[in-house]
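J.: Have a look at this one.
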Amino acid sequence: MCGIVAYVGHRQAYPIIIKGLKRLEYRGYDSAGIALLNGDLSVYKKKGKVSDLEDSLDPKDLESTIGIGHTRWATHGEPNDLNAHPHYSSNGQLAIIHNGIIENYIALKKELESRGHVFKSQTDSEVFINFIEQIFTDLNCDLEEAVRIALQKVVGAYAIVILDKNAPNQLIAARKGSPMVLGIGDNEFLIASDATPIIEYTKKVVYINDYEIVSIKDGELSIKNINAETTQPYIQELDLRLDAIEKGGFEHFMLKEIFEQPRSIADCLRGRMNAQTGHLVLGGLIEYNNKVMNANRFLFVACGTSWHAALVAEYIFEELTRVPAEVEYASEFRYRNPIVHEGDVIFAISQSGETADTLAAIELAKSKGAMIYGVCNVVGSSIARASHAGSYTHAGPEIGVASTKAFTAQVTVLTMMALLIAEKKGTITAQRFHQLITELENIPAKVERALKSNDYIAELASEYVDSTNALYLGRGVNFPVALEGALKLKEISYIHAEGYPAAEMKHGPIALIDENMPVIFIATRDSGYEKIVSNIQEVKARKGKVIAIVTEGDTLIPTMADHIIEVPDTDELLSPLLNVIPLQLFSYHVAVLRGCNVDQPRNLAKSVTVE
Ligand code: M6R
């Protein structure tokens with residue numbers, strides 16, 4: 001969590017840093033700050049959004065061609081001005097921005113206090129910069145060396161950038177476990193948590209690796225590892241358009257991203273599948289083809305919405321490949337002693353590619369000999385790089401904290417993967433294979449049709465805006481869609497919501513049902529249709545309010561539900577790709593009507609890079 005931006009070059013640093021922080025605000029938004037160097041090393045920081053910081057400053061007073069900035073998601077110490085970054089070292093010579101957690105900061109703090117350091121904040125980051133300052137003073141070395149020695153002693157995760165008052169053209173940065181991208185322009189450098197603050201100025205980037213220390217001094221770049229060995233930067237050309245990270249006329253990023261799904265699913269399929277020719281290929285698979293085809297078990301690790309996509313995949317993989325599939329919360333998996341064999345293939349699913357628990361689960365599975373297949377959206381992300389092989393979802397940047405288009409893209413990639421394996425293993429007939437890839441190709445147009453209910457859903461939302469609870473029920477492959485619908489509602493509207501397999505309702509949740517309880521059924525025509533109809537009747541018998549997602553033309557459920565939302569007919573296995581759309585729209589409109597900050601819900605951050 002937290003976003004960092006740094007600039008050194010020939011332009012004014014302040015506007016570049018402020019704009020960059022706004023683009024990174026999805027990573028954390030409880031306080032923001034910048035430090036600029038122009039003779040003095042000046043720090044400006046404030047509780048609240050980047051715009052609150054901006055409103056408190058006058059750019060005329062902020063002339064400088066070097067600076068660092070931070071937008072925070074609090075870990076150590078409540079969100080307030082003092083805990084906001086950047087942090088000075090005790091002697092005021094250094095300032096740091098830090099994304100991550102220093103786990104041994106209490107011991108370091110005690111040692112530093114005994115040597116006279118005084119701390120103003122409750123953060124581990126202030127301890128970190130004082131630790132560096134102490135080494136810098138004790139050894140009388142250069143700052144890069146002091147940072148290198150400090151990094152050998154700190155335990156935890158970090159992406160840091162440091163300014164030194166006495167070095168007006170120098171930035172020192174380092175990373176372990178938290179993302180960092182370096183942009184290389186003409187006589188200018190940018191450093192950020194992701195590429196979005198960088199693309200306006202340069203497309204040339206280097207993804208900094210763990211344990212690398214970046215030093216930019218007087219326009220010269222050098223990168224060394226923690227053993228002081230020089231490493232050669234691998235410069236890549238970014239394939240990211242500026243309009244992809246702007247709102248494009250929508251009121252919120254979330255709405256834009258919901259409406260982008262016909263395009264993002266099509267992008268995900270593009271070049272990989274052609275129903276006419278029967279062609280289906282995933283480039284990332286080639287080298288590890290045998291390993292995947294001969295897997296004894298597929299294990300999916302993920303968190304949040306990506307975990308829901310993995311649950312959908314579990315149904316699809318088992319149905320099509322007939323190989324056992326299991327889904328694990330990465331955060332649980334990593335702290336057990338899980339049984340993992342060499343014959344297992346682990347799918348790590350992550351939009352950001354930076355989720356700390358998923359990354360740790362990968363490392364654990366790797367240490368037990370498993371092969372890791374990453375399914376990530378962010379190109380060059382840590383999970384993409386830690387995987388043996390993988391497929392990108394190509395959904396484009398997802399800025400809204402609530403994940404929408406990433407979910408449908410993940411399900412699309414995983415469906416293609418299951419089809420590919422099934423075809424190679426011969427566990428699917430040619431006719432069924434052709435039927436499914438033809439229907440998968442039709443999905444973008446059908447999503448477009450499902451989106452046409454937007455105005456109706458906005459009206460419907462106004463009836464439920466004051467609800468305090470909601471129950472989402474689905475069966476089979478649509479049970480994870482119920483979980484996803486509930487997560488969307490709770491995370492952006494703060495209404496308590498639960499997702500359940502519809503058949504489980506009788507084992508407890510039915511006790512909650514009364515005339516105030518909205519129950520959202522995923523009730524499209526599939527093998528569980530009759531059972532869902534019975535479940536709807538059970539809720540109606542107890543006066544619950546039923547909103548049902550139904551297949552276009554359904555005539556039965558409209559006679560019993562309070563409201564219906566239609567989606568186009570499709571194959572049961574692909575139905576989550578359509579059924580999730582009205583649930584995303586419903587949560588969006590409820591949250592907007594409740595006056596919630598849809599793109600930046602309270603207490604959340606887009607990438608959970610701490611455990
Ligand atoms: O970037 P990831 O897909 O690894 O993120 C996983 C979860 O943190 C994420 O899906 C989270 O649950 C979202 N806020 C859901 O909308």
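The values are calculated or read from the model by the stated rules, or taken from the named source; none is laboratory data. These numbers were taken from a predicted model, which means no experiment stands behind them. All Cβ positions, even for glycine, are placed from backbone atoms using ideal geometry, and neighbour counts span all protein chains on display. To get the accessible areas, we keep the full protein, side chains included, count just its heavy atoms, and leave off ligands, DNA and RNA. Shrake-Rupley method; radii C 1.70, N 1.55, O 1.52, S 1.80 Å.
J.: Using the structure shown, select from LYS217/LYS366; LYS247/LYS446; LYS488/LYS540 the pairs with a Cα to Cα distance greater than 27 angstrom.
T.: LYS217/LYS366, as the Cα separations exceed 27 Å there.
J.: Hey, another quick one. What's the extension gain from SER534 to ASN603 if we count 0.36 nm per residue and subtract their Cα-Cα distance?
T.: Additional length available on full extension: 21.0 nm.
J.: Another question, if that's okay. Give me the net charge of TYR588's neighbourhood, meaning all other residues with Cβ under 12 Å from the Cβ of TYR588; Lys, Arg count +1, Asp, Glu -1.
T.: Net local charge, TYR588 excluded: -1.
J.: Suppose every K and R has +1 on its Cβ and every D and E has -1 on its Cβ; what is the size of the dipole of segment 79-154 about the Cα centre, in Debye to the nearest 20?
T.: The dipole magnitude comes to about 160 debye.
J.: A further question follows. Using r as the Cβ-Cβ distance of ARG385 and ASP40, and R0 as 41 Å, what FRET efficiency do you calculate, to the nearest 0.05?
T.: E(calc), rounded to 0.05, equals 0.55.
J.: Please list, in order along segment 145-160, the HN-Hα scalar couplings obtained from phi with the Karplus expression 6.51 cos²θ - 1.76 cosθ + 1.60 (θ = phi - 60°), rounded to whole Hz, x for Gly and Pro.
T.: Computed from phi, the couplings for segment 145-160 are 5, 4, 5, 4, 5, 4, 5, 6, 10, 8, 10, x, 10, 7, 10, 10 Hz.
J.: Oh, and also: Among DSSP bridges having both ends in segment 267-364, what percentage is antiparallel? Round to the nearest 5.
T.: Looking only at bridges with both residues in segment 267-364, the antiparallel portion is about 15 percent.
J.: Could you report segment 3-240's accessible area per residue, 1.4 Å probe, as an integer in Å²?
T.: On the way: 9260 Å² over 238 residues.
Spelled out: the 1.4 Å probe surface of segment 3-240, per residue, equals 39 Å².
J.: Sum up the charges of everything whose Cβ sits under 11 Å from the Cβ of PHE250, counting Lys and Arg as +1 and Asp and Glu as -1, but leave PHE250 out.
T.: -3
J.: Further, regarding this structure: Given a cut-off of 25 Å, what percent of all Cα-Cα pairs of segment 383-520 lie beyond it?
T.: 44
J.: Okay, next question. Note down the Stokes-Einstein diffusion coefficient of segment 153-212 in µm²/s, whole number, using a Kirkwood radius over alpha carbon pairs, 4 °C, and 1.567 mPa s.
T.: Values: Rh = 12.3 Å.
Using the Kirkwood radius from Cα pairs, D works out to 105 µm²/s.
J.: If you filter segment 225-260 for GluC sites (Glu not before Pro), then keep DSSP loop positions with at most 10 other Cβ within 10 Å, what is left?
T.: GLU229
J.: A further question follows. With a cut-off of at most 12 other beta carbons within 10 Å, and DSSP calling the residue loop, which trypsin sites (Lys or Arg not before Pro) in segment 111-156 qualify? Please list them. Don't skip to the answer; put the middle values down first.
T.: On the way: sites: ARG115, LYS120, ARG148, LYS153; in loops: ARG115, LYS120.
The qualifying sites are ARG115, LYS120.
J.: If Lys and Arg each add +1 and Asp and Glu each add -1, what is the summed charge of the other residues whose beta carbon sits under 10 Å from the beta carbon of HIS341?
T.: 0
J.: Obtain the nm distance between the two label points defined at TYR456 and ASP239 by a simple spin-label model: each point lies 7 Å from its Cα along the Cα-to-C-beta direction.
T.: That separation, rounded to one decimal, is 3.8 nm.
J.: Which order do you get for GLU145, GLU287, GLU332, GLU212 if you rank them by accessible area with a 1.4 Å probe, largest at the top? Intermediate values should be presented prior to the final figure.
T.: Numbers: GLU145 60, GLU287 155, GLU332 105, GLU212 25 Å².
Ranking GLU145, GLU287, GLU332, GLU212 by accessible area, largest first, yields GLU287, GLU332, GLU145, GLU212.
J.: Continuing with the same structure: If you scale each eigenvalue of the Cα gyration tensor by 5 and take the root, what three semi-axes come out for segment 246-428, rounded to whole angstrom and sorted largest first?
T.: Semi-axes, largest first: 25, 21, 13 Å.
J.: Still on this structure, please answer the following. Would you work out what percent of the accessible area of segment 375-433, with all protein chains in place, is carbon or sulfur (probe 1.4 Å)? Working shown, then result.
T.: Details: 900 of 1570 Å².
Exposed carbon and sulfur together represent 57 percent of the surface.
J.: For the chain, compute the orientation-averaged projected area of the C-alpha convex hull (one quarter of its surface), in nm². The partial results should precede the final answer.
T.: Numbers: hull surface 110.9 nm².
It is 27.7 nm².
J.: Sorted by accessible area (1.4 Å probe), largest first, how do LYS606, LYS540 line up?
T.: Greatest to least solvent exposure: LYS540, LYS606.
J.: R0 = 30 Å: FRET efficiency of ASN294 with LYS204, Cβ-based, nearest 0.05?
T.: The calculated FRET efficiency here is 0.15.
J.: Provide, in order from the shortest bin, the percent of all Cα-Cα pairs of segment 454-599 in each 10 Å bin, continuing until the bin that contains the maximum pair distance.
T.: 13, 48, 35, 5
J.: Another question, if that's okay. Sorted by packing (mean other beta-carbon atoms within 10 Å per residue), highest first, where do 352-360, 67-75, 589-597 land?
T.: Numbers: 352-360: 25.2, 67-75: 27.0, 589-597: 19.0.
Listed from highest to lowest mean packing, they are 67-75, 352-360, 589-597.
J.: Using a 1.4 Å probe on the protein heavy atoms only, what accessible surface does HIS341 show? Give it in Å² to the nearest 10.
T.: Spelled out: HIS341, probe radius 1.4 Å, area about 110 Å².
J.: Where a Cα-Cα gap under 13 Å defines reach, which aspartates and glutamates qualify for LYS46, not counting those fewer than 8 residues away within the same chain?
T.: Within the straight-line cut-off, LYS46 pairs with ASP30, GLU54, ASP55, GLU78, ASP81.
J.: Between LEU221 and ASN169, what length in nm is gained on full extension when 0.36 nm per residue of separation is reduced by their alpha carbon distance?
T.: 17.6 nm
J.: In addition: Based solely on its DSSP helices, what 222 nm [θ] is calculated for the chain when runs of n ≥ 4 H residues each add -39,500 (n - 2.57) and the sum is averaged over all residues, nearest 500 deg cm²/dmol?
T.: It comes out at -11000 deg cm²/dmol, rounded to the nearest 500.
J.: With unit charges on the beta carbon (Lys/Arg positive, Asp/Glu negative), name the residue among THR551, PRO179, VAL323 whose Cα is farthest towards the positive pole of the charge dipole of the chain.
T.: Checking the options against the dipole of the chain, the answer is VAL323.
J.: Oh, and also: In debye, nearest 20: dipole of the chain around its Cα centre with unit charges on the Cβ of K, R (+) and D, E (-)? Provide the component values of the computation, followed by the final result.
T.: Working: 58 positive and 78 negative charges, 116 e Å.
Approximately 560 debye in magnitude.
J.: Could you tell me what percent of the accessible area of segment 141-285 is made up of carbon and sulfur, with a 1.4 Å probe and every protein chain present?
T.: 46
J.: What list of ³J(HN,Hα) values in whole Hz, one per residue of segment 559-575 in order, does the Karplus curve 6.51 cos²θ - 1.76 cosθ + 1.60 (θ = phi - 60°) give from phi, with Gly and Pro shown as x?
T.: With the stated coefficients, segment 559-575 comes to 7, 10, 7, 6, 9, 10, 10, 8, 10, x, 5, 7, 5, 3, 5, 9, 4 Hz.
J.: With a probe of 1.4 Å, find how much accessible area segment 559-598 has per residue, and write the answer as a whole number in Å².
T.: Spelled out: the 1.4 Å probe surface of segment 559-598, per residue, equals 27 Å².
J.: Still on this structure: Using a 1.4 Å probe, what is the accessible area per residue for segment 246-428, in Å²?
T.: Computed with neighbouring chains in place, this is 34 Å² per residue.
J.: Can you give the Rg to Rh ratio of segment 3-240, both from alpha-carbon atoms, with Rh computed by the Kirkwood formula?
T.: Result for segment 3-240 is an Rg/Rh of 0.93.
J.: Where the accessible area of segment 454-599 is counted over protein heavy atoms with a 1.4 Å probe, how much of it, in %, is carbon and sulfur?
T.: 49
J.: I would also like to ask the following. If I stretch the segment between THR427 and PHE119 completely, what's the gain in nm (0.36 nm per residue apart, minus their alpha carbon distance), one decimal?
T.: Length gained between THR427 and PHE119: 104.5 nm.
J.: State the number of lysine pairs found in segment 55-191 whose Cα atoms come within less than 15 Å, restricting to pairs 8 or more positions apart or on distinct chains.
T.: Value for segment 55-191: 5.
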